1. Could you tell me which residue of the range 201-223 is farthest from VAL145 (Cα to Cα), considering only residues that are of a type outside the set (D, E, K, R) and in contact with a Phe, Trp or Tyr (Cβ under 9 Å, 6 or more places away or on another chain)?
2. Considering (1) in contact (Cβ under 8 Å) with a residue 60 or more places away in the chain; (2) crowded, with 21+ Cβ neighbours inside 10 Å, say which one LYS191 fails and leave the rest.
3. Of all residues in the range 161-176, which are modelled with pLDDT under 95 and not hydrophobic (A, V, I, L, M, F, W, C)?
4. Of the residues LEU38, LEU95, LEU81, LEU42, only one is assigned to a helix (DSSP H, G or I), aliphatic (A, V, I, L, M) and in contact with a Pro (Cβ under 6 Å, 6 or more places away or on another chain); which?
5. Going residue by residue through the range 90-101, is there one that turns out to be surrounded by 16 or more Cβ atoms within 10 Å (Cβ to Cβ), among the aromatic types (Phe, Trp, Tyr) and modelled with pLDDT of 95 or more?
6. Residue check: is LEU62 under 19 Å from the mean Cα position of the chain (by Cα), at pLDDT below 95 and under 23 Å from PHE116 (Cα atoms)?
7. Of everything in the range 1-40, what is over 18 Å from the mean Cα position of the chain (by Cα) and not hydrophobic (A, V, I, L, M, F, W, C)? Give them in sequence order.
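The values are calculated or read from the model by the stated rules, or taken from the named source; none is laboratory data. Quick caveat: nothing in here was measured; it's all calculated off a predicted structure. Neighbour counts run over all protein chains shown; Cβ positions are idealised from the backbone, glycine included.
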Amino acid sequence: MKNSLLKEAIIKYISGLILIGVILFLPAGSISWPNGWLFMLLLFVPMFIAGVVMYLKAPNLLRSRLSAKEKQDEQKSVIGLSGLMFFVSFLIAGLNYRFSWLEIPKGIVIAGSVIFLLSYLLFGEVLRENEYLSRTIEVQEGQTVVDTGLYGIVRHPMYSATILLFLSMPAILGSPISFLIMLLYIPLIVKRIRNEEKVLEQELNGYTEYEKKIKYRLIPFVW
């Protein structure tokens, strides 16, 4: 069972690496794009480390995140639009380098890289705190409400981390236009959260009480 999990993880990791590389470097017209390689390094090295840790410490969590398929039609549309957003954003970033449309100061690239890594650490902490965390909206057998740690601050810390991750990507790639495209992720994730909370209110015992206890979804004192 663990060997099949390892094989699946390796295949998806390599497939993702190749896919992102093609989407970035093909429109860039060159493999000598420093920002492209910086992004690949920041994305796939921590992803590899996280995958190894999950494989050794939490194989069930790794399995659920690899094989998860969204069942709800509303969420399928959110996933599809998010995928399109990523594709267009990466495509524009490559073209931005190729044709030198707009430049971002190196300081912003560095700041984006730092925010990206800190967001990755935040995401890792969320995974550590919530063993039921899945890529799909579902309530698993034996699942209970987690209300400590980051979940004691906001109800959806995973989405808080992903917003920071995704908005820092264009800074790393040096593309202001891609940043504007990535802003579309905010209304998409708001839509996803509203639907997710409806499911959790109906199917997860204690979630309604948790919502009363923790008022904010993504950002303390904001929303």
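1. The first filter runs over the range 201-223 and keeps only residues of a type outside the set (D, E, K, R), leaving 202, 204-208, 210, 214, 216, 218-223.
Checking the rest, the ones that are also in contact with a Phe, Trp or Tyr (Cβ under 9 Å, 6 or more places away or on another chain) come to 204, 210, 214, 216, 218, 222-223.
Numbers: LEU204: 7, TYR210: 8, ILE214: 12, TYR216: 16, LEU218: 17, VAL222: 23, TRP223: 20 Å.
Residue satisfying both the conditions and the ranking: VAL222.
2. (2)
3. Listed by number, the list holds a single entry, THR162.
4. Values: LEU38 fails: in contact with a Pro (Cβ under 6 Å, 6 or more places away or on another chain); LEU81 fails: in contact with a Pro (Cβ under 6 Å, 6 or more places away or on another chain); LEU42 fails: in contact with a Pro (Cβ under 6 Å, 6 or more places away or on another chain).
None of the others qualify; the one that does is LEU95.
5. Scanning the range 90-101 turns up at least one residue that is surrounded by 16 or more Cβ atoms within 10 Å (Cβ to Cβ), among the aromatic types (Phe, Trp, Tyr) and modelled with pLDDT of 95 or more.
6. When the stated conditions are applied, LEU62 passes them.
7. LYS2, ASN3, SER4, LYS7, GLU8, PRO27, GLY29, SER30, SER32, PRO34, ASN35, GLY36
Let's see how each residue does on (1) in contact (Cβ under 8 Å) with a residue 60 or more places away in the chain; (2) in contact with a Lys or Arg (Cβ under 7 Å, 6 or more places away or on another chain); (3) closer than 22 Å to TYR185 by Cα; (4) not small (Gly, Ala, Ser):
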residue: ALA9; (1), (2), (3), (4): no, no, no, no
residue: LYS12; (1), (2), (3), (4): no, no, no, yes
residue: MET40; (1), (2), (3), (4): no, no, yes, yes
residue: TYR55; (1), (2), (3), (4): no, no, no, yes
residue: VAL78; (1), (2), (3), (4): yes, yes, yes, yes
